[in-house]
1. May I ask you to say which residue of L221, L192 is in contact with a helix residue (DSSP H, G or I) (Cβ under 7 Å, 6 or more places away or on another chain), surrounded by 21 or more Cβ atoms within 10 Å (Cβ to Cβ), at negative phi and in contact (Cβ under 8 Å) with a residue 24 or more places away in the chain?
2. Has the range 378-390 got at least one residue that is part of a helix (DSSP H, G or I), among the acidic types (D, E) and under 14 Å from D581 (Cβ atoms)?
3. Mind checking which residues of the range 224-237 are outside any loop (DSSP other than H, G, I, E, B), within 12 Å of Y208 (Cβ to Cβ) and touching a residue at least 24 places away in the same chain (Cβ under 8 Å)?
4. Only residues that are under 30 Å from G532 (Cβ atoms) and surrounded by 15 or more Cβ atoms within 10 Å (Cβ to Cβ): list them for the range 446-458, please.
5. Suppose we filter the range 174-198 for residues that are over 15 Å from S157 (Cβ atoms) and either of a type in the set (F, W, Y) or within 19 Å of the chain's Cα centre (by Cα) (or both); how many remain?
6. Taking the range 139-170, which residues are of a type in the set (K, R) and at positive phi?
7. Which of the following residues is closer than 30 Å to G329 by Cβ, in a helix (DSSP H, G or I) and either of a type outside the set (A, V, I, L, M, F, W, C) or free of Cβ contacts under 8 Å to residues at least 60 places away in the same chain (or both): L272, L299?
8. For the condition out of contact with any His (no Cβ under 9 Å at 6 or more places or on another chain), closer than 30 Å to H220 by Cβ and touching a residue at least 24 places away in the same chain (Cβ under 8 Å), what is the one hit in K394, K361, K342?
Amino acid sequence: TQSTWGNCLLLVCNRLKMTRTSNGTEVLEHSGTSLRMRKKDTIEPTVLDVDLLRESLFDVQDEKKPLSLTSIPGSHKPSSPFKDAKRKHAGAKVVSTSSSAITFANASGIRLSFRNILNIENLTGLTSLVKLQLDNNIIHEIRGLDTLINLTWLDLSYNNIRKISGLDNLTKLADLSLKNNQITVIEGMDNLVNLNVLSIGNNQIREYQKGIAYLRRFKHLRAVSLAGNPFCSDIDWQAHVLAYLRNLMFLDWVRIKDSDVTAAREQYQVELREIEEKERIEDSQQDAQQLESGEYQRLLKAHLKGVHMLWDDLIKEDTDLNKLRSLPGGEVKILIDDYHDKFYSIVEHMKGDVFVKLDAKQRERSKMENKKSEYLHATEAKSIEMIQSFEAGKKKTFRHLEKNRSSLREADLHASIHPLKDDINRLHDELLSMELSQSEHFSSLNDEFEVAWGDIKNSVLDVIYNEFRMLEELENNFSEAVKKVATDALDRFTNEAVTADAEELTDDALALLHDRDQLFQAVSNSHENHIGKILSAEDSMREQEQQEFTLLVQDLQNKEFERNRERVLEVHRFTERTKQDLHGAETVFRSPAC
């Protein structure tokens, strides 16, 4: 029968195992009998050239949409090498039917499985690539991927890689498969801040404690495959993983039970307490360093600090949402992850738009200050020239009076000093007239600047309104989705669909499912809390933006008033001092020695 044939086939497949010998020969073993399939030293490695790349291009959108973590563990679980090999040898092509319309500039995916590729090369310029399949080759080293900055999915399984490296620029990578290689240490992924799925089973990793501690840094990691490594002989390795990787949902493609996580954390509670305290200290130090950083100062100038911290403000103290996370199925956790990604996208878009406006503000301010500086330098140069001309005439007159002092008469003294008094009065009026013109010009520049800055401010307020409406809508959709999950969970629990698994539920989950009102009150409280904080952040940002504009206009007016006042006083002081000098000269030259 079909079922009997299926069982026999399963039995045979379970006894098949692919191994590689030290000289590179691939061996297919069955019940102790080895069949040599391929020997690397008899086949030339395939060069990854332009023609091969063009043949392998495909559009990710043409693929069947992968199942999400809610429906199957692991969107990235590689297929069996035997099935893939059979399909390849039967003549099946792996090139998209629409590949003729795909170019290197717009290609989103490349399939290079079973190509006998040794070196990763010639991928420069494929910046639109999001998916790259290099599984089942003979690659020894990860390199040549630096320019693939938009890559989110990378399959390097079934190769000969010994060390994880060459991934520093792949900051958007979410799904990474390194299964069936020769890797000995979990490392080299520091910059993969968006890592969501990691498959690294069937390698040569013998020590797991440091590796799991390393993976703890990836806050978005939801699925990990580790089975088949030498360390798996330790009976505690799974509990160690569940205790240390807080947000994990699947381990070796099996959904994790909340009760197993609780038991694992209790087993390692002493070690976890020390680690979590150390992490809190490090977070505080990072916050302090951020306060000094240019990026943080830029956030402050753009009034974006509240927006930047908004997600943490929403989630950290939301005790109701923390309870809802415990509902069976882990669907609330998945909704939170999706909410976070979309929330982050809106916030980043808002920050980008506001930073553009901030740059525009700074350009307007620099333009105004440059115009003022140029005008000020011109008027100062003219003022100095006028004063120096007067001082030169005064000195010439004094030298003449000193030279003729012995024969100097009152009429001669009056004829020499009186023109200087007229000159200083005229210079006083000219300097004040120049200052009046300068003050009017500066006031005009301030008015122009106020209008330009006001336009930018209004555009920022528009951005704030539009982006916060998107955040508000996102929160509403999230709350509705959580409410639906809660309703479904309650229906299943009420219909005793989960009675058998009741012992697997946490106390929080049981409390919610036993009290309908408490369950939906938690959903409502969480939603109201989120909406309140979103609207508060919006009000704060709008208020800061408006206040900055008001204070800036007042500051410009006050500074111009003080500058004009000081300049007028300076002209008066100069005039009075000069008149006193002239009066003193008259007194000296009238003395009896005259």
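The values are calculated or read from the model by the stated rules, or taken from the named source; none is laboratory data. What you are looking at is a predicted structure, and each value in this text was computed from that prediction instead of being measured. Counting neighbours? That spans all protein chains shown, and the Cβs are built from the backbone with ideal geometry, glycine included. Just the protein is used for accessible areas: all its heavy atoms, side chains included, with ligands, DNA and RNA removed. Shrake-Rupley method; radii C 1.70, N 1.55, O 1.52, S 1.80 Å.
1. Just a single option satisfies the conditions, and that option is L221.
2. There is no residue in the range 378-390 that is part of a helix (DSSP H, G or I), among the acidic types (D, E) and under 14 Å from D581 (Cβ atoms).
3. Hits for the range 224-237 are V224, P230, F231, W237.
4. Those that are under 30 Å from G532 (Cβ atoms) and surrounded by 15 or more Cβ atoms within 10 Å (Cβ to Cβ): I456, K457.
5. Result for the range 174-198: 9.
6. Selection gives nothing.
7. Exactly one residue qualifies, and that residue is L272.
8. K342
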